[in-house]
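What follows is a short report on a single structure.
The values are calculated or read from the model by the stated rules, or taken from the named source; none is laboratory data. Model, not experiment: these values are computed from the prediction. Neighbour counts are summed over all protein chains in view; Cβ atoms, including those assigned to glycine, are modelled from backbone coordinates with ideal geometry. Note: accessible area is taken over every heavy atom of the protein model, side chains too, but ligands, DNA and RNA are not part of it. Shrake-Rupley method; radii C 1.70, N 1.55, O 1.52, S 1.80 Å.
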Amino acid sequence: MQPSKSKNKGTRYQPVALYVVASLLFCTSVTIGISLEYDLPWINQVIALLPTPHLIHWRTRTEAWAECQKTKKPILYVVTGKKDSVSMLFEAQCMGDPKIAELIDSEFIPVHHTTDVRSRHPEKDEELKYYRDTLGMGYNSYPWVFVVPYSMHDLSANDLTSSANLVELGINSLDDLCSDNPFYPNANYYDGGYNYRQHYVNGRCSGQRGAAMSYGYTSKADFLDFLYGARIWHKLPPTLGRIKWMDIANLDVNTKGGKPKMLALVSDVGLNSDTMRMNLFWKKKSVELINKEFDPYLIEFHRLDPDYNKKFKALRDQYHVDTLPALIVLNPRTNGGTTQVEHGFNTMLYSVDFLNSTLHKKSSDKKVDAVHYRNGVRDETVPLGVGRDEND
Amino acid sequence: MNRAVCITTWREFKSNKIRLIMLFLLFVAPLFQYTVQRCQSPESMTQDLITPSGVAIAYALLWGAGVIGREMQHGTISLVLARPISIVSYVLSKWFAVGLAASVCAFQALLVEHLISAVFCPSLAFDPEFLVNGAERVLICFGTAAFLTFLSSLVSGLKDLALLAGLLFLHSISSAAIQILEYFPGGRSGNMAEQAIHIGTVFAQGIVFVLYPCVPVGYLIAGNYNEIISLLSYATMITVFLSLSIFVLTRKEFSYAAE
């Protein structure tokens, strides 16, 4: 029998070709790894050659501020990480999607900033500093998306993420809103609000979002959901609650022997005013007290409507209100007829205590212009002649 | 690739009761966890509750621990190599057998988890996330199998698990050292410290990729070509570990029932 002419390989033969390929791949991978770590220019040039679609017309922050006053569109800030894998996926799936790009371009003024997440000197990035200091961007929260309505671009993150519109907050149960549990105040901001969501990928949390802000990324559908909500953010009026507000035209009518007048001075935006609306105007305890014992008047401050604010300004100057929101009680029958003012809003219970105190008769009360309270405590800093007399 | 070696590897696994029990638990545990989650949170009903692709490492570990080392320990490797099988073919067959078996188990578990999610929310049935997870699992299984084949060729028995634990320990130490250098007062300012941080980071990233050889398939499908780099790293890992495994075994003397 003829032996086979095929080349038999021994048990211990060495696969040279495999070794060569492995060596080449190893050298390439190590070179790329070191180049990425040292941020060498050549690797960035190679990465830039790889196709990444840019369909959105991005603006700078200054351009966006100028443009939003003309177009009245909200600004959409998008901050992504340069070496962050989630940001890269977000850019590929969302920023590269023609439909999402069209939606962003038509409904928002988009501003994009890319930052090096592995930079050892993040403090040198001025843009990032602005987003962190002013808009409350967290650390290592990429991609980070934040919507700012055109009328609010000079406000802080707390005010921007707050709302007092029940639809914007996604509230669907008024029973919870009216609940009197003092330990669970009605939240009106993104991270405790009703629209608060957590992103989940395969059962693990990979980010969070409210109606105004989103960080992390899961899917295109989830981001679209956020964009649709962000379009209407702060476009709807804030809640008036369950209080039976009187017509402001009757404010100057003297109702002798009637109920005391309670004036609520609130802004149409801002965390503190929103908190008062969501709590004092909704909670069972405060609503019942106000509707039963007072003639309530709501005086709103509209940021973009100077004509509307004439009445508000007159009252603010008359009662020396320096903080919004504020409660003013005019009760001619008690406290010697002294006007009582509560500046700011702390909790529903503080305000209820304040309102109750204005109803009590005190025989020793002397007539002064006004008594001022702040956070439920008598404010002694208000100068004489404004709300205090010398013997008070 | 040798069919007989592959089949022997699978049969050997079947005869090991402890591994079978662990495989069963690995399959059942996520199902139990997601059932509890569905009972507690109604929102979970509309989510595709599937385990992250990283779980495939556990399947690969179950199939691949001691894949060559046990044959060295029992002395059967010398009998196998007495037949007309080259070490190259033997190593590749072992790697393929472990990778394929682990992939099948991992994908099967994923399929069951996905089907249960689809029963509660039929619109999830065609969610591409499921297929992406499946593809990642297969890649992880073959990647981890290559690494385990290499570890197993170094030592006999299940000592490769000790090597793996040692590598994890090394990774913890190197990560801690980088953190100390980064946050130690004045640590970043020194040139030596800066260089040490860079080298340490490259080293730590290398270990991470070896321990978790995940290629983000979803990113690549989405058109994010930057992730081609991770595909390159994956190819490197497979070829390098298989080459090393072959190189080590060709230089070893095998005697019957050496240990």
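When B:F107 is tested against the conditions (1) closer than 24 Å to A:Y19 by Cα; (2) aromatic (F, W, Y); (3) open to solvent by 10 Å² or more (accessible area, probe 1.4 Å), the lone failure is (1). Please work out if B:L31 is in contact (Cβ under 8 Å) with a residue 24 or more places away in the chain, exposed (fewer than 14 other Cβ atoms within 10 Å of the Cβ), within 14 Å of another protein chain (Cβ to nearest Cβ) and not in a loop (DSSP other than H, G, I, E, B). No. Summed over the range A:117-158, the residues that are assigned to a helix (DSSP H, G or I), under 20 Å from A:G229 (Cβ atoms) and open to solvent by 40 Å² or more (accessible area, probe 1.4 Å) give a count of 2. Show the residue pairs meeting these rules: Cβ distance below 6 Å; 6+ apart or different chains; first residue within the range A:302-320 and over 15 Å from A:D252 (Cα atoms); second residue open to solvent by 90 Å² or more (accessible area, probe 1.4 Å). These pairs meet every condition: A:H302/A:Y308. From the set of residues in the range A:1-36 that are of a type in the set (G, A, S), modelled with pLDDT of 85 or more and more than 13 Å from B:V202 (Cα to Cα), which is surrounded by the fewest Cβ atoms within 10 Å (Cβ to Cβ)? My answer is A:A17.
Kindly indicate whether B:M72 is under 26 Å from B:I238 (Cα atoms), modelled with pLDDT under 90 and either in a helix (DSSP H, G or I) or open to solvent by 60 Å² or more (accessible area, probe 1.4 Å) (or both). Answer is yes for this residue. Scanning the range A:102-153 for residues that are of a type in the set (V, I, T) and either in contact with a Cys (Cβ under 7 Å, 6 or more places away or on another chain) or touching a residue at least 60 places away in the same chain (Cβ under 8 Å) (or both) yields A:I104, A:I109, A:V145, A:V147, A:V148.
Taken together, the residues in the range A:187-215 that are surrounded by fewer than 22 Cβ atoms within 10 Å (Cβ to Cβ) and either at pLDDT 75 or above or closer than 14 Å to A:P143 by Cα (or both) amount to 6.
When the range A:37-91 is filtered for residues that are buried (at least 20 other Cβ atoms within 10 Å of the Cβ), in a strand (DSSP E or B) and not hydroxyl-bearing (S, T, Y), the ones remaining, listed by number, are A:I75, A:L76, A:V78, A:V79, A:G81. For B:I57, state whether it is surrounded by 14 or more Cβ atoms within 10 Å (Cβ to Cβ) and not in a helix (DSSP H, G or I). No, not satisfied. Selection of helices (runs of 4 or more DSSP H) fully inside the range A:264-360 by the criterion of at least 2 residues being surrounded by fewer than 18 Cβ atoms within 10 Å (Cβ to Cβ) returns A:284-293, A:310-319, A:348-359.
Of B:L81, B:L92, which residue is within 14 Å of another protein chain (Cβ to nearest Cβ), crowded, with 20+ Cβ neighbours inside 10 Å and either assigned to a helix (DSSP H, G or I) or of a type in the set (A, V, I, L, M) (or both)?
Details: B:L81 fails: crowded, with 20+ Cβ neighbours inside 10 Å.
Answer to the selection: B:L92.
Scanning the range A:215-249 for residues that are in a helix (DSSP H, G or I) and touching a residue at least 12 places away in the same chain (Cβ under 8 Å) yields a count of 10.
Taken over the range A:234-251, the criterion of being under 15 Å from A:L265 (Cβ atoms) and of a type in the set (A, V, I, L, M) is satisfied by A:L240, A:I243, A:M246, A:I248, A:L251.
Is it the case, given these coordinates, that A:S273 is within 15 Å of the chain's Cα centre (by Cα) and of a type in the set (S, T, Y)? Spell out the reasoning first.
On the way: within 15 Å of the chain's Cα centre (by Cα): yes; of a type in the set (S, T, Y): yes.
In short, yes.
Across the range B:9-28, what is the total count of residues that are β-branched (V, I, T) and in contact (Cβ under 8 Å) with a residue 60 or more places away in the chain? Show your work before the answer.
Pass one, the range B:9-28, residues β-branched (V, I, T): B:9, B:18, B:21, B:28.
Right, trim to in contact (Cβ under 8 Å) with a residue 60 or more places away in the chain and you get B:9.
Matching residues across the range B:9-28 total 1.
Can you tell me which residues in the range B:211-221 are open to solvent by less than 30 Å² (accessible area, probe 1.4 Å) and either part of a loop (DSSP other than H, G, I, E, B) or modelled with pLDDT of 80 or more (or both)? Before you say what the answer is, go through the steps one by one.
Taking the range B:211-221 first, the residues open to solvent by less than 30 Å² (accessible area, probe 1.4 Å) are B:213-218.
Within the range B:211-221, B:P213, B:C214, B:V215, B:P216, B:V217 qualify.
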